[in-house]
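Contents: one structure, followed by commentary.
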Amino acid sequence: MTWDAGRQPHVQIRHSRDRGTSRLGWLDSRHTFSFADYYDPEHMGFGPLRVINEDRVAPGGGFGTHGHRDMEIITYVLQGALEHKDSIGTGSVIRPGDVQIMSAGTGILHSEFNHSKDEPVHFLQIWIVPDRKGIAPRYEQKTFPERDRRGRLLLVASPNGRDASLTIHQDVELRAAVLESGERVEHALKPGRKAWLQIVRGAARLNGQALEGGDGAAVEEEALLAIVAGSDGGEMLLFDLP
């Protein structure tokens with residue numbers, strides 16, 4: 001991945017308006033990185049973070065049964081309800097506050113549909129390249145209530161599932177936060193680590209740089225991330241990456 005030099009070269013912004021798009025009758029999707037028919041050789045991922053898709057699916061619409069291999073797939077629902085079924089026997093409905101992880105491993109088939117016939121569903125789907133191939137397919141889902149994400153970067157996924165987080169087969173930690181206007185949180189990066197901050201809703205400033213909803217930021221060679229919510233608050237995901 002290459003980035004244009006900015007005012008602060010260690011924080012490079014991927015603006016929402018520059019993302020790839022896919023539009024079908026039932027789907028409106030935004031692609032932070034190259035995905036499906038959207039291809040940009042300068043935006044193929046960031047470390048093991050390979051996909052961030054922001055999807056809006058119309059009532060009754062969805063993705064029919066399809067397969068994946070050797071990928072950690074995380075789903076984060078913002079509005080509505082997403083129905084999931086897979087070939088290892090899982091059937092679930094994912095709602096706001098729920099986070100789902102599916103390890104595709106040696107191969108898995110699944111489908112995802114809007115659970116409602118009346119309301120749209122809005123969610124992020126995230127793909128992370130695992131640290132090894134050929135693991136057994138696996139599904140895990142937990143609820144992380146908004147009250148637990150308020151005013152802090154709550155750990156929701158980690159390599160060892162610590163602090164009641166989901167387990168991910170990669171040296172990645174994923175945190176989620178919901179901040180009120182002007183509220184500040186910080187995250188220290190260990191030497192050699194990098195980060196990706198995705199603004200889910202609202203706005204924030206990251207080490208002084210302004211980010212709006214849908215924007216992402218690649219962070220390298222920074223010891224500390226200081227995140228301050230905008231005037232209407234903000235919701236965000238932070239990936240701590242190798």
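All of the numbers you see were taken from the coordinates with simple rules; none came from a lab. Keep in mind that this is a model prediction, so the values were computed, not measured. Note: ideal-geometry Cβ built from the backbone for every residue, glycine included; neighbour counts use all protein chains shown.
Grab the strands (runs of 3 or more DSSP E) fully contained in region 108-168, keeping just those with 3 or more residues being within 15 Å of F63 (Cα to Cα), touching a residue at least 40 places away in the same chain (Cβ under 8 Å) and not small (G, A, S). Result: 108-114, 121-128.
Applying the selection to region 184-198, what residues are buried (at least 17 other Cβ atoms within 10 Å of the Cβ), among the basic types (K, R) and in a strand (DSSP E or B)?
K194
Let's see how each residue does on (1) farther than 17 Å from Y76 by Cα; (2) among the polar types (S, T, N, Q):
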site	(1), (2)
Y139	no, no
G151	yes, no
S165	no, yes
P191	yes, no
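Counting only residues that are over 23 Å from N114 (Cβ atoms), in contact with a His (Cβ under 8 Å, 6 or more places away or on another chain) and of a type outside the set (S, T, N, Q), region 23-77 holds 2 of them.
Only a single criterion out of (1) surrounded by fewer than 17 Cβ atoms within 10 Å (Cβ to Cβ); (2) closer than 20 Å to N53 by Cβ is not satisfied by G107, namely (2).
A quick yes/no check of all residues on (1) surrounded by fewer than 18 Cβ atoms within 10 Å (Cβ to Cβ); (2) within 30 Å of E221 (Cα to Cα); (3) among the aliphatic types (A, V, I, L, M); (4) in contact with an Asp or Glu (Cβ under 8 Å, 6 or more places away or on another chain):
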| site | (1), (2), (3), (4) |
| --- | --- |
| G20 | no, yes, no, yes |
| D37 | yes, no, no, no |
| H43 | no, yes, no, no |
| F46 | no, yes, no, no |
| N53 | no, yes, no, no |
| D70 | yes, yes, no, no |
| I74 | no, yes, yes, no |
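Going by the conditions given, is H15 exposed (fewer than 15 other Cβ atoms within 10 Å of the Cβ), within 18 Å of the chain's Cα centre (by Cα) and farther than 24 Å from H115 by Cα? Yes; evaluated as a whole, the condition is true for this residue. For residues in region 203-242 being within 15 Å of the chain's Cα centre (by Cα) and of a type in the set (A, V, I, L, M, F, W, C), which is surrounded by the fewest Cβ atoms within 10 Å (Cβ to Cβ)? Result: A218. Being crowded, with 19+ Cβ neighbours inside 10 Å and farther than 20 Å from G80 by Cα is the filter here; which residues of region 131-149 pass it? P137, the sole residue that qualifies.
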